[in-house]
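Shown next, in structure tokens, is the structure this report addresses.
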Amino acid sequence: MDSQSGTLYVVATPIGNLGDITQRALQILQQVDRILAEDTRRTHQLLTHFGIKGSLVSLHDHNERQRIEQIEEWLQSGLSLALVSDAGTPLISDPGYFIVRELREREFSVVPIPGPSALVAALSVAGLPTNRFCFEGFLSSKSTARKKQLLALKDETRTVVFYESSHRIKGCVEDLCEVFGDEREMVIARELTKQFETVLAGKPASILDLINADSNQTRGEFVVMIQGADKELLESKVSSHQLLKELTPHLPTKLVAQIVANLTGESKKDLYAKALEMKL
């Protein structure tokens, strides 16, 4: 790539408290020729607060592919660009993945300007193991699909982290109670760095009680964190395949499927199909 080409800066912005913006982020936002923003209105408010007059261009999930050629043209002409999301670090459950991937493949310079991230902020105060964790972004908005996703994570030994919205948080915790039971520690961080910041910790059922008792606990933006499964217990746990193999010769297939579903939380329909195959 031509050494005279411009650079795309991926700039983290505050998730709430504007005092969290870094000096380097302010410097870059002031210097670049154009700012690619998920929501130009919100970014305009941020820039105005810090007295920055930036040239804003809308860039979100629905127009990333249409913008790529224009962005490449700007960079080739030597312009510098900043990519920002509504809040936090771009690409972390926010737009920008397509643009960054394409520009890196085309050998343009892409430079991170690190700063606030709801994911990292929440983990730092959760009191859960953080040496290993997995981030799932946003789970499905539908309860049935969400429970399937949670079931797939039930044996995950790392701390599980995902984002949730205000209108789904109660249903999400209800699904967590059903899928995970009341054995794991869970932490919900709400409105981090903002006026009504709250961190709830406890077993899923106790957190659900707190949410039901206080409607304010369903307002805002959420990071949900769940303690990973105990590795030793997992290693000693009998698999659904072993259970089916032992029970199928002695009990009706429908009953076998129901028993194993109750013990493992797996789909009764899928277990029934597997049990039938074993009888063939």
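None of the figures in this text is laboratory data; all of them are computed from the coordinates on show. Only a predicted model underlies this, so the values are computations on that prediction, with no experimental measurement involved. We place every Cβ from the backbone using ideal geometry, glycine too, and count neighbours over all the protein chains shown.
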Alpha-carbon spread of the chain, three principal axes, descending order, Å
75, 46, 30
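Suppose a student asked you for the relative contact order of the chain, using Cα pairs under 8 Å spaced at least 6 residues apart; what percent would you report?
Working: 470 pairs, mean separation 47.8, N = 280.
About 17 percent, as a whole number.
With an 8 Å Cα cut-off and a minimum separation of 6 or more residues, compute the relative contact order for region 71-190 in percent.
Working: 83 pairs, mean separation 24.2, N = 120.
Across region 71-190, relative contact order equals 20 percent.
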Taking the 0 to 90 degree range and rounding to the nearest ten, how far is the long axis of helix 268-279 tilted relative to the main principal axis of the chain, both from C-alpha atoms?
50
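Restricting to Cα pairs below 8 Å that are 6+ residues apart, what does the relative contact order work out to for region 7-116? Please round to a whole percent.
46
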Sequence-distant aspartates and glutamates (8 or more away, or on other chains) whose Cα lies within less than 17 Å of Lys268
Glu178, Glu246, Glu277
Lysines near Lys142 by alpha-carbon distance under 16 Å, same-chain residues fewer than 8 away left out - which ones?
Lys170
Provide, for q = 0.18 Å⁻¹, the log10 of I(q)/I(0) from a solvent-free Debye sum over equal Cα point scatterers in region 119-232.
-0.85
Based on other C-beta atoms within 10 Å, arrange Phe108, Phe196 from fewest to most.
Phe196, Phe108
In whole µm²/s, the translational diffusion coefficient that Stokes-Einstein assigns to region 38-138, given a Kirkwood hydrodynamic radius over C-alpha pairs, 25 °C and 0.890 mPa s, equals 159
Considering the options Gln70, Thr13, Gly181, tell which one lies farthest towards the positive end of the dipole of the chain, charges being +1 on Lys and Arg and -1 on Asp and Glu at the Cβ, about the Cα centre.
Gly181
Where the centre of each part is set by its Cα atoms, how far does region 11-73 sit from region 160-216, in angstrom?
31
Added length on full extension, which subtracts the Cα-Cα distance from 0.36 nm per residue, Arg41 to Arg132:
29.1 nm
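Using Cβ counts within 10 Å as a stand-in for footprinting exposure, how do Leu26, Leu81, Leu139 rank, fewest first?
The fewest-first ordering by Cβ neighbours comes to Leu26, Leu139, Leu81.
Size of the dipole of the chain about the Cα centre, Lys and Arg at +1 and Asp and Glu at -1 on the beta carbon, nothing else charged, in debye to 20?
Values: 32 positive and 37 negative charges, 116 e Å.
Dipole of the chain, to the nearest 20 debye: 560 debye.
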Residues Cys172, Cys177 in order from fewest to most other beta-carbon atoms within 10 Å are Cys177, Cys172
DSSP beta bridges in the chain: the antiparallel percent, rounded to 5, is 45
